[in-house]
Structure formats: structure tokens, C-alpha cells
Amino acid sequence: MGASSIRRQLLSLALMPLSLTILAVSVLAVVASLEDIESRLKQRGQDIGKQAVLMSEFYFYTGDQLQLNNVAAIVAGLEGVSSIRFLNAQGEVMVKRRNNAADKDLDDQHLFVIPIYSKGISLDEVAQLAGAQTELSEKLGSIEISLSKAALTPLREAAYMRILLVALGALLLGVLMVYLFGRRLSAALSETIEAAKSVKRGNMNSRAPENGEGEILEFQKVFNRMVGSVQQNEVQLQDRINSATRSLNETVAELSQSNRELAATRQATIELERSKAISDERARIMKDMHDGIGGQLVASLALIEKEQNSEIRANISSTLRECLDDLRLIILSLNMRDSTVSAVLADFKYRVHKKLQKLEIELIWEVDDIADHISLQPQQSLHLLRILQEVFTNTLKHAGASQIHLRLTSEQGKVRLSIDDDGIFTLDEEQRDCHGLNNMQWRAAELGGNLTVACNEAGGCAVRLDFAAADLSEVP
Amino acid sequence: MKPWFCVLLLSCSALLPQWVSADVLLLLPNRQPSFINAAELIKKQMLANGVQAGQVKIRDIGQAAAWDEDDLILPLGPLAAGFVQRQSVANSVLYTFVQEAFVRELPRQGLANWAAVVIDQPLERMVVLADALNEGRYKNKILLLHSSANQALAEQIKRLPTLKHAELENIPLATTGLAAGLESRLYNAGLLLAPSDPELWRGKNARWLLLQAYNYRVPILAYNPALIKAGAMLAIYSEKQAIAKESARIATAWLRQQRFKPGRVHYAEASVAVNDSIAQALHFNVEELQALIERIKKLKQFQEGLSHGR
């Protein structure tokens, strides 16, 4: 569509001036041809006139009308001559002859009047020096020769036909050349347009064929360079987009990480605040328990100590002392802040050591160094202390053991706390569902671990608490 | 008287005429090359005659007329002659390169001492040549055509000698009636003389006469070589060199004698031209014709210095 439009435009642009030029040239050629015909006719008239003069000059001298009549007959017989007249010096007709009597409309432009003069004789230089009349001419008469208009018609028609054929030939040749040139030009342009459309569709590898000439070829080269430049820019832009995307992703990841860290920080802050609130509450409770219950227990113990020795006083005193120890343990647990397993175990050893010595029970204590690196929250410390307290209380009350072996080992991040005694293991099915064992297992679960109670090889009780060091550290 | 004084006296007497002698002033009507050339020819001939170069001056009438009263004025052509006439000078004047008809029309008063060298040949020479040409021919009539108004020619006709071999028929014609009665005369004519006659030998008349004479096979003896090209068989005329030579001769003589015969018309040496084609067409033997001409030119009438008084 575009090519045909360009072709039509080229045809219009070229044919209009071409037609005008051919028309102008044709008009000029017609004018020139008509002038040439007129000139040739005039020349022919003059030639005929010269011949007539040569033939009749002498008879003008002699006034021989018979001979002039013969000359007129000869001249009138020439092609194109319409009429001839011989006139004397006074303008009187001496002889006249007309070929076509009906042809009365003689064209004055084709009437040739040739005067006849008696030319004098040019004398020599001496006569000229002496002022002699060296040449005199005298008009003898004139010859009028008229050429027929009919002779011009075929000449004019031939000229018109010739010019028309030449003009048509030139026009056809021009149309052909314009068509061929336009097709070549439009082909180059249309292929370039197709390449542009292809580029528009996104095919940046499309190029215009450099098959034009001159400015078209320059245009195609510029177009190709432009497309190449656009393609290069696109690649660079894509690279920049990819780079920006990567940078954005990284930023988003960093932002996400920051958010997570911020959330963790916030959570830690919340936990810290909550922990602080708990700690504050715990400290208040601890103070209340220490000042209130502790004071009451100490006062009660002091009062009962003042009583006389009796089994009741001893039992009450012992119970009060246990209550007081238990209260101290509770206060201790509440007072612990970010303690370690090693510290909890050491504190428990300190508390139970006197009781074991009093009962003459040997305590074997083996704790791995990893215990120094496992941190515990106050609640976890309390869980661990309650488990130890329950295990040792059961052993002291029911096993009748002489030796207790406590070990803490670790292997590949797994920590095991083992408590063995050499007493009598009497745990039946009914006891398994007792409240104390369930509490220990619940507290073990709170520590993220597992607690089992079984009979060891010595027949005593074997308690195993397995937990992961990392779980403890991560336990809130 | 001592000898050395006598020698000195004789030398002075010999040189005195040179010192006191007049000059010759060649007066041109204009500076046309043809007049300058004619004047140079005269001067050259005078120098050849022994005249000193300082005695011959060339002037034109546009220049201030500066001549002494005893100088010889030599106007070339009718314009210079007319100029001298209008000056009414007392000098001797030698007209040259003028027609005899012009000399005939010069006013008789005013110029006491003058002569002329004309371009024309005297009719006598033409008639003598025609008579010789007509010797032995069947048609022995020689026609002499001239206009009735030509007085110069009429005077010459009076001086013509009697012909030996032909009969001269004098035909004064009116220009308007040229053709009337002439064809019958041409039929019997052996020769047609065409002397200088501006009224007759011009334009239509000249061409008609030449064509008619040729048609009747009558040879024409014309006065100008241009007529040879137009159809005349012979022409007797004066060449420029001959006129210059005759003018120089008379001027040199005047310088020596301080005078010449006044009122005389001098003719230059005659030249004769032949149209060989016409001659052969009219059955003349060209070689014999040339020999006859050479023989005629040696006659007395053709000798140098022929002149007639006006």
C-alpha cells in the first residue's frame, strides 16, 4: 500500500513536469516547424523568383511579351506556383497566368514580388577617381509570383504528425522510465518500511536492504545504523534493568532481613520487657515471700525451737525447715537471671550436699564443661531444679541408696543428664502414673527434652534427661 | 675677372633656379587610399624625372590651403578640382584624373593658366583602332553611338580623320528612343564604338546594347575595361600608371619652364584590353588581334603627348 502510494506519487510528480515540458517543447517545435515551413516556402518562392528573373530579364529589356508569356507558362508549371504576373516599371500588367482560376483567395504572405533592375556596369578604379557614374540601376518592372496555400497543408500535417509522434514517444518513454525508476525507488523504500515495521514489532535484528541509490541508500544506511543503535541501547537498557532488578531484589532481601532483624529485635525487646515485667513481678513476689512467708516460717521455727524436745517439735521443726528450704529454693529460682546449667547444678549440689552428708550418701559428681556454655532462663532453671529436687527427694525417701551418681555428658549437641543410685528401684505401674513423675516429664518437655525413669544395672533408679543444648538456648 | 670668382658665379647661377623654383602641390579631395596611391605614383614619377622630393607635396583639401602663388597646384579628381576653382587662385593648375566632359564644362573665366590630364582616351585612337580592325571584313560599317547632348564627343568627332577600311556612321541617339531603328543598323555593322557617354552607356541601355550587339555578332570597342567583362570585345582606356606618368611629365615640364600651354587636354598612353572569349565567338583570331593592337599602338596617334586644345 505504501509502496504503491509512493509509486503513484512519484509518477504524479514526474509526469506532471514531464508532460508540461513535452507540451512546451511540442508547442515550440510546432512553431519552429511552421516557421521552417514558412521559411522553406519563402526560400522556394525566392528561388522561383530568381529563376524567373534570369529567364525573363532580357525580355524585360526588349519588352518581348511573347517570350515573357513563355516564361510565365514555364514558371506557372512549377510545383506550388499558383499564379505569376509580369509588370512593367509603371506597374502595368504585361503578362499574367493563373493555374487555378477558382483559387481566388491568394495568401498575401505567399505572394513574392521580385523587382527587376537594369544594373549598371561597375567601371574601373580610374573612372571612380574621376568621379564617373560607375553604377546606375533602373527599375524595369517586377515579377509577382504567388504560391498556393494548398502546398502548405500537407507540409503542416506532416509536421503536426511528426511532432505528435515524437511527443507521444517521448511521453511513453518518460512514463516507462519514471515507472521503472519509481518501482526501483519505491521497492527500496517499501523494503525499508517493512524493516521499520519489523523493528516496531520488536525484531531488532531486522535491517533494511541497502539496495537503493543516492539519498535512498544513505537513508537505508542511516536507518540500519539507527536500528543498530536502538538495539544496542535496548540491550544496554535490559542489562541496566536486570542490574536494577538484582539490586532491588538484594535491597528487598536486605530490607526483609532488616525487617526480620527488626522484628526479632522488637520481639526481643518485647520479651525483654515482658521478662523485665516478669522479673519485676517475680522480685516483688520473691520479696513478699521472703519478707512474709519466709519471716513467718523463720518466726515459727524460732518459736518451735524454744519448745521442749519432742517428736512433734522435731517433726514440726523439720517440716518448717523443709518449707523454709523449699521457699529458699523458690526464691533462688526466682532470683536467677540468665543462669547456666553449670551454675544451677552447682547451686543444687550446694543445697543437697549437707543433707546427703547427714544421711551418709555418697555423691559422685561428673559434669562436662559444656554445662558452662548452656544458658538457662529462670523458668528453665526452676524446671531443672524441680526435676533434680524430685529425683533426689524420691531417692532419699524411698531408695535407701548409699551412693548417687550424677553425670552430665554431651555428644554432637545432645546433652544427657544421668542420675543413678544404688538403692532399690520400686516404681510400679501405679506409681508411674503418679503426679511426681508426670510433673518431671512435663518439666522435661518444657526444657525441650525427654525424661525417662528406669531401673539401672545395680537395681537402683536410673533417670535420664536428654535435651539439646541449642533448644535450651533458644527456649524463651 | 679672376677664375675662382667665375666658378663661384656659375655655381650660384646654376643653383639659383632650384632655390627660387616653385613647388608642385598634389591636392587630394580626401585621404582615400586610391587617391593617396595615385598621388604617390605621380610623385614617384616626378622624382624619376629629376624633380627633388622637397618640391612635391601631397595635401588634401581638408588641410589648410597653404601654397605660394608660383606653385603648381595639381588637384586629383573632380572634387579637388572644384575646390581649386572655388578658391579662384592665380596659380597654374594641372587637373588630373578627371573626365574630359568635366574639363569641357570648366568655366572659362578665372583660371588663366591651366591644363588637364583626362582619364579618357581620345575618340581618334578608338576610331583608328576600329578602322584597323575592320580591315578586310565584309561588314565595313562602324557605328558610333552617342547621346545627342554629348558636346565633348561631338567636338572630337569633328577632328576625326578619314577612315581607310571602313565607313563611320555617327548615330546621335535620344536615350528614350534607343531601340528604335538601331537593330537594322546593327544588322549591317562591322563594329560598334562605345565611347564614354554617361547618358548612353549605363544601366538598362548598356546591357541592352551589349546583348543586342552580341546577338547580331557585332564586336564592341568600348571605353572602359569593365565593359570587357560585360560583353564588349575590346576596350581602349587609360591606366592609372599612365595617367600618373603623363601628369608627372607635364608637371615636370612646368617646373622647368614655369608654364605650359593653357587650356590643353592631355591624354595618357592608351591601353587595350581584349575579351578573348568574345573575340573567338565573333570569329576573330586572338593572336592576330593582339599583334594588330601592338602594331596600332605604334602609330602616331597613339604616341605619348597627344593633346588637344580646348
*Please verify whether region A:401-423 includes one or more residues that are closer than 11 Å to A:Gly460 by Cα, acidic (Asp, Glu) and out of contact with any Cys (no Cβ under 6 Å at 6 or more places or on another chain).*
yes
*Considering only residues of region A:117-142 that are assigned by TED's automatic domain parsing to the domain that holds A:Lys50 and either part of a helix (DSSP H, G or I) or at pLDDT 80 or above (or both), which is nearest to B:Leu210 (Cα to Cα)?*
A:Gly141
*Of all strands (runs of 3 or more DSSP E) completely enclosed by region B:66-153, which ones contain at least 1 residues that are basic (Lys, Arg) and either over 30 Å from B:Leu209 (Cβ atoms) or touching a residue at least 12 places away in the same chain (Cβ under 8 Å) (or both)?*
B:141-147
_So A:Arg156 passes all but one of these: (1) more than 7 Å from chain B (Cβ to nearest Cβ); (2) modelled with pLDDT under 70. Which condition number does it fail?_
(2)
*Selection status of A:Arg85, out of contact with any Cys (no Cβ under 9 Å at 6 or more places or on another chain), modelled with pLDDT of 85 or more, over 15 Å from A:Gly141 (Cα atoms) and assigned to a strand (DSSP E or B)*: no
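Each row is one residue, and each column tells you yes or no for (1) touching a Lys or Arg at 6+ places or on another chain (Cβ under 9 Å); (2) outside any strand (DSSP E or B).
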residue	(1), (2)
B:His165	yes, yes
B:Glu183	no, yes
B:Asp197	no, yes
B:Trp201	no, yes
B:Gln212	no, yes
B:Leu221	no, no
B:Leu227	no, yes
B:Ile236	yes, no
B:Lys245	no, yes
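Yes or no, residue by residue, for (1) under 19 Å from the mean Cα position of the chain (by Cα); (2) at the interface with chain A (Cβ under 9 Å from one of its Cβ atoms); (3) more than 23 Å from B:Ala132 (Cβ to Cβ):
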{"residue": "B:Asn188", "(1), (2), (3)": "no, no, no"}
{"residue": "B:Ala194", "(1), (2), (3)": "yes, no, no"}
{"residue": "B:Trp208", "(1), (2), (3)": "no, yes, yes"}
{"residue": "B:Leu211", "(1), (2), (3)": "no, yes, yes"}
_Single unsatisfied condition, A:Asn205 versus (1) in a helix (DSSP H, G or I); (2) outside the structural domain of A:Glu57 (by TED's automatic domain parsing)_ = (1)
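The values are calculated or read from the model by the stated rules, or taken from the named source; none is laboratory data. Keep in mind that what you see is a predicted model, and the values were worked out from it rather than measured. Heads up, the Cβs are rebuilt from the backbone with ideal geometry, glycines too, and the neighbour counts pull from every protein chain shown.
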